[in-house]
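Written below as structure tokens is the structure these notes are about.
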Amino acid sequence: MRAKRFVSALLCLAVFAGGALVATGALAAEAKPAPKTKVPLLYGNPSNKRLASEFLMMLKAEDMAGLKIFLAPQFLIQRGDGTYLDKKEYLADPSEVDSFKIRGVVGTRDGDIRVIRFEANTKQRIEGKEVAGGWIPRLSTFVKEEGVWKLIAHANFLLPPTS
């Protein structure tokens, strides 16, 4: 009789625990797979050069799924002509990059924040207009969120004056 009560108590406990797990979603929830992107997301400790080129690589690949992840929710872009866009505005009409080269990459880091300055020579269109070629300075700030490096701010400057 005593063994029967013990088994009944264990069964009740198991049913209760199972119900609690389902109620909290622990059993019912499945891990969502990461969206497929054309350019792999940046985990770990990528080089300054890799961080500097990531944005341009995603634009060249027309990787909208990757851009949605790569651009932090707080993202702002400052353009050389004085205009700026937030993430939603930028994703509505991203730049079209056909090709690019970068040089002069320099970076600083404090924990999960990195600031990278570099020059880029691109063949691209912004809002359908060709951008003049040449080595144009850029400044990008990255933050590591949930193990992934994200672009939080980016600035394009004007072509430096020639003497």
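The values are calculated or read from the model by the stated rules, or taken from the named source; none is laboratory data. This structure is a prediction, so every number in the text was calculated from the model and none was measured. Note that each Cβ is placed from the backbone with ideal geometry, even for glycine, and that neighbours are counted across all protein chains shown.
Within segment 47-58, track down each residue that is surrounded by fewer than 16 Cβ atoms within 10 Å (Cβ to Cβ), over 14 Å from the mean Cα position of the chain (by Cα) and either aliphatic (A, V, I, L, M) or outside any loop (DSSP other than H, G, I, E, B) (or both). Spell out how you get there, then give the answer.
Filtering segment 47-58 for residues surrounded by fewer than 16 Cβ atoms within 10 Å (Cβ to Cβ) gives 47, 49-50.
Checking which are over 14 Å from the mean Cα position of the chain (by Cα) leaves us with 47, 49.
Once the filter is applied, which keeps residues that are surrounded by fewer than 16 Cβ atoms within 10 Å (Cβ to Cβ), over 14 Å from the mean Cα position of the chain (by Cα) and either aliphatic (A, V, I, L, M) or outside any loop (DSSP other than H, G, I, E, B) (or both), segment 47-58 yields only LYS49.
Mind listing just one residue for me: the one in segment 92-114 that is aliphatic (A, V, I, L, M) and surrounded by fewer than 17 Cβ atoms within 10 Å (Cβ to Cβ) and, of those, farthest from ASN48 (Cα to Cα)? I'd like the intermediate steps shown before the answer.
Step one: filter segment 92-114 for residues aliphatic (A, V, I, L, M), giving 92, 97, 102, 105-106, 113.
So of that shortlist, the ones also surrounded by fewer than 17 Cβ atoms within 10 Å (Cβ to Cβ) come out as 92, 106, 113.
On the way: ALA92: 28, VAL106: 7, ILE113: 12 Å.
Ranking the candidates gives ALA92 first.
Pick from ALA65, ALA72, ALA61: which is touching a Pro at 6+ places or on another chain (Cβ under 8 Å), over 15 Å from PHE157 (Cβ atoms) and surrounded by 12 or more Cβ atoms within 10 Å (Cβ to Cβ)?
Numbers: ALA72 fails: touching a Pro at 6+ places or on another chain (Cβ under 8 Å); ALA61 fails: touching a Pro at 6+ places or on another chain (Cβ under 8 Å).
After applying the criteria, what remains is ALA65.
List, please: which pairs have Cβ atoms under 6 Å, are six or more places apart or on different chains, and start with a residue in segment 66-95 that is outside the structural domain of GLY147 (by TED's automatic domain parsing) and polar (S, T, N, Q) and end with one that is in a loop (DSSP other than H, G, I, E, B) and modelled with pLDDT under 95?
Cβ pairs passing all conditions: none.
Could you check segment 101-152 and list, in sequence order, the residues that are under 16 Å from GLN78 (Cβ atoms) and within 13 Å of the chain's Cα centre (by Cα)?
SER140, THR141, PHE142, LEU151, ILE152
Looking at (1) closer than 23 Å to LYS38 by Cα; (2) in contact with an Asp or Glu (Cβ under 9 Å, 6 or more places away or on another chain); (3) not in a helix (DSSP H, G or I), which one does SER99 not meet, given that it meets all the others?
Unmet for SER99, out of (1) closer than 23 Å to LYS38 by Cα; (2) in contact with an Asp or Glu (Cβ under 9 Å, 6 or more places away or on another chain); (3) not in a helix (DSSP H, G or I): (2).
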